[in-house]
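To start, the structure under review is shown below, and the notes come after it.
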């Protein structure tokens, strides 16, 4: 509705075909029970629109759980319903689905400070971790770069599509002994 396109409630109010399709949909879900009490609100437009948001976040935070543009869109939709004298409400539903673990964007790997010649040092992955040990790791923290040759660290890195590794000067690291 916020985009100016007719929403489902608008179609149910103004289009008899849409209203009939909704009645048929509701009746089809009743497993043969009498649909009269369930479709009566559609005939008299005596219903309430409830926006249910499934979330694993704290329900007490209410709309703070939503991204900004989702809040704006929700607000506009609720205002449009209010203009049409259709009550609406917002409720948060606990997400009961199993947690998704996804893939970590960054990994901690073992790295070593190496001599590049001419008094310069670099940081490379230690062999045996599945990373190219010939490539320098870019943007390492200053304390790692300034360490003595042979020093080892557990460093957070990001792998680019081309296999290049980079870190970030502000990311934490651990000294390996």
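All of the numbers you see were taken from the coordinates with simple rules; none came from a lab. Given the structure is predicted, the values throughout are model-derived calculations rather than measurements. Methodologically, a virtual Cβ is constructed for each residue, glycine included, from the backbone with ideal geometry; neighbour enumeration extends over all protein chains shown.
Please express the shape of the stretch 100-177 as an equivalent ellipsoid: the semi-axes are the square roots of 5 times the eigenvalues of the C-alpha gyration tensor, given largest first in whole angstrom. Mind showing how you got there, number by number?
Details: eigenvalues 89, 37, 26 Å².
Equivalent-ellipsoid dimensions as semi-axes: 21, 14, 11 Å.
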request  = Treating the Cα atoms of the chain as identical point scatterers in vacuum, please give the log10 of the normalised Debye intensity I(q)/I(0) at q = 0.16 Å⁻¹, two decimals.
outcome  = -1.00
key: Approximate spin-label separation residue 91-residue 110, in nm, with each point projected 7 Å along Cα-to-Cβ   = 5.5
task = Could you please rank 56, 10, placing first whichever residue has the fewest other Cβ atoms within 10 Å of its Cβ?
result = 56, 10
ask   = Which three extents, in whole angstrom, do the alpha-carbon atoms of the stretch 18-89 cover along their principal axes, largest first?
value = 41, 30, 18
task = Could you check the simple spin-label distance between residue 166 and residue 8, using points 7 Å along Cα→Cβ, in nm with one decimal?
result = 4.4
message = Counting only helical runs of four or more DSSP H residues, what would the 222 nm mean residue ellipticity of the chain come to if each run contributes -39,500 (n - 2.57) and the total is spread over all its residues?
response = -8000 deg cm²/dmol
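Convex hull volume of the Cα atoms in the stretch 137-177, per residue, in Å³?
Numbers: hull volume 2.9 nm³, N = 41.
Hull volume over Cα atoms, normalised by residue count, gives 70 Å³.
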ask   = Helix 16-28 versus the longest principal axis of the chain: what is the Cα-based angle in degrees, 0 to 90, to the nearest 10?
value = 80
query = Between residue 26 and residue 83, what length comes free when the chain is fully extended (0.36 nm per residue of separation minus the Cα-Cα distance, one decimal in nm)?
reply = 17.9 nm
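Packing-wise, with mean Cβ within 10 Å as the measure, how do 138-151, 161-174, 26-39 rank, highest first?
Numbers: 138-151: 14.8, 161-174: 13.0, 26-39: 11.1.
Ranked from most to least packed, the peptides come out as 138-151, 161-174, 26-39.
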remark   = Taking 93, 12 and counting other beta carbon atoms within 10 angstrom, the fewest-first order is 93, 12
task = Could you work out how far helix 68-83 tilts from the main Cα principal axis of the chain, as a 0 to 90 degree angle to the nearest 10?
result = 10
